[in-house]
Amino acid sequence: RRPLIIDTDPGIDDAMMLTVAFANKDIFDIRLVTTASGNISQSKANYNAHAFLNYIKEDVTIARGLEQPMFRKLEVAEEIHGAFGFGKVEFPKVEVPENVRPAVAAMRETILASEEKVTIVATGPLTNVGALLLAHPEVKDHIETISWMGGAAQGGNKTAVAEFNAFVDPHAAQIVMQSGVPMSMCGLDVTHKAFVTQTEAKKILDIGTEFAQKAYDLVTYYLDVAKPTPFSEPHYADVLRFHDVSAIMYLLHPEFFKGTDYYVEMSTEGITAGATVVDLYNSTGNKPNVHVLHDVDREAFVKVFMGAVRTISDR
Ligand code: BDR
Ligand code: CA
């Protein structure tokens with residue numbers, strides 16, 4: 001099994017990513033979950049990770065991440081995920097333990113304690129991962145790869161040129177990209193192709209469990225707030241975009257995806273802050289540092305996602 005650390009800001013699609021990860025424990029040995037500040041504040045993200053994982057009966061170490069991006073002030077996405085991060089869906093209340101190890105220390109320990117290299121899947125701003133690599137460069141050689149949901153070679157969803165996770169902490173993303181650790185970028189270029197139609201989503205309800213109902217309510221809440229522009233693809237407002245699920249799906253089924261290695265650098269200032277500038281024409285002459293995904297077998301993706309909801313429902 002593949003040793004895995006999950007860094008997440010749950011978050012609707014983050015919860016669906018966790019569903020796919022924990023439904024595949026025969027493949028993933030999930031050693032640690034760390035919480036990122038992004039969609040919601042750190043307190044809410046950390047609480048939600050506890051509440052969701054408790055609900056799906058997972059007992060995994062959850063470590064609290066950094067409160068704020070490296071240099072910018074945290075901008076949350078409560079208009080997308082709801083004031084508490086899970087739309088209108090509630091999970092049974094949980095007590096969050098105090099005085100647990102902070103995320104960066106927990107990641108370091110987990111990575112160095114592992115005999116095999118550890119993979120990181122990150123589906124929020126890269127603050128925790130960036131801080132880890134800055135504070136403890138000795139972990140670099142022990143990381144297999146980082147699969148990040150974030151960025152876009154073309155366009156954006158937070159600004160015209162910036163995807164949300166990249167926008168929230170562009171400095172952290174830059175640190176991770178320049179770290180020399182292998183990294184894949186599951187950006188909007190691919191996640192906008194990894195959609196689920198409303199008809200497909202309704203099939204979640206056929207599973208007939210309380211979990212399935214909650215999963216349906218989560219993903220359809222997210223749909224309600226899509227903001228199409230004259231430049232979006234025609235289906236944009238009408239489908240469910242499971243951005244974060246793509247980052248775990250890529251680890252599970254790399255054969256579903258197409259990607260190319262490019263040199264990528266962050267813009268950190270001004271109107272383009274948060275843009276992941278992908279050197280498509282190699283105009284810098286720099287060596288590629290990121291595997292940029294750009295296509296996915298959508299139907300295969302949806303099938304595996306549905307299977308995961310079913311697996312978790314059976315618990
Ligand atoms: C990303 O932004 C967040 O709102 C989602 O959870 C996802 O990680 C998509 O741009
Ligand atoms: Ca996320």
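Worth a mention:
- Selection within region 23-43 - surrounded by fewer than 24 Cβ atoms within 10 Å (Cβ to Cβ), within 16 Å of ligand 2 (Cβ to nearest atom) and not hydroxyl-bearing (Ser, Thr, Tyr): Gln42
- Residues of region 103-154 that turn out to be of a type in the set (A, V, I, L, M), more than 16 Å from ligand 1 (Cβ to nearest atom) and either part of a strand (DSSP E or B) or modelled with pLDDT under 95 (or both), as a count: 2
- Total residues in region 148-185, condition within 13 Å of ligand 2 (Cβ to nearest atom) and either of a type outside the set (Phe, Trp, Tyr) or on the phi > 0 side of the Ramachandran plot (or both): 10
- Cβ-Cβ under 7 Å pairs, at least 6 apart or on other chains, region 1-22 side modelled with pLDDT under 95 and surrounded by fewer than 24 Cβ atoms within 10 Å (Cβ to Cβ), far side among the small types (Gly, Ala, Ser) and in a loop (DSSP other than H, G, I, E, B): none
- So Ala105, is it surrounded by fewer than 23 Cβ atoms within 10 Å (Cβ to Cβ) and among the hydrophobic types (A, V, I, L, M, F, W, C): yes
- Restricting attention to region 159-175, the residues that are over 15 Å from Ser37 (Cβ atoms) and either within 13 Å of ligand 1 (Cβ to nearest atom) or in contact (Cβ under 8 Å) with a residue 24 or more places away in the chain (or both) add up to 6.
The values are calculated or read from the model by the stated rules, or taken from the named source; none is laboratory data. All values derive from a computational prediction rather than experimental measurement. Don't worry about glycine lacking a Cβ; one is built from the backbone with ideal geometry, like all the others, and counts go over all protein chains shown.
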